[in-house]
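Just below is one structure, and these are the notes that go with it.
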Amino acid sequence: RPTAALATELDDDALLERMKADDSEAYRILVERHVDRAYALALRTLRNPADAEDVAQEALVKAWTHRHSWQPGKAKFSTWLYRVVFNRCIDLKRMPSSACLDDVAEPEDDCPDSVDSIHRRQVYGRLEDALATMPEQQRAALTLAYFDEMGNAEIATVLGTTVQAVESLLKRGRQGLRERLRRSERDIRHIFAEG
């Protein structure tokens, strides 16, 4: 059967069942389906493209190496994958950091294509900066809710906590984010007022 048909016909659980029979094509389809979102979550958590790529690849390799122990109906594959990615990110952040080239930020692109894209980058930049200063669990809950559009129950599974705790994290996180963004706006207005 052609790969394209497999990719559109089979859901994650069906692909996982085929992986149990060592079907590497099913695994390839599953990876293609989830690699971008796994990388995006790792990047938002670690803010380092090389580390994020390593974490996403590691998590997806783990899906293959643990394929025989997968239990259908226990959890959605995407939830399991996000939990693996998030936990690995937390582990990496706890490790002592050593200065290396991977820690150096990528240079900014100085060729803006329009005023709108510059403005959007500034807004996203401020949002990213504000998120980066928040407590780990709040940042993770907000990221999963807004960037990955997960519901509270799924976020609770990924973070290994309760739905009530997620609701509390989101509430405190939104308040903290609003305050940080307000402060950032005041700082920007103050800089322009002086200049």
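Each reported figure results from applying straightforward, stated rules to the coordinates on display, with no laboratory input. A quick note: this is a predicted structure, and the numbers were derived from the prediction, not measured. Virtual Cβ from ideal backbone geometry, glycine too; neighbours counted across all protein chains shown.
General observations
- Per-residue packing, averaged as other Cβ atoms within 10 Å, sorts the ranges 161-172, 40-51 into the order 40-51, 161-172, beginning with the highest.
- Excluding same-chain neighbours fewer than eight residues apart, the lysines reachable from LYS74 by a Cα-Cα span under 22 Å are LYS20, LYS62.
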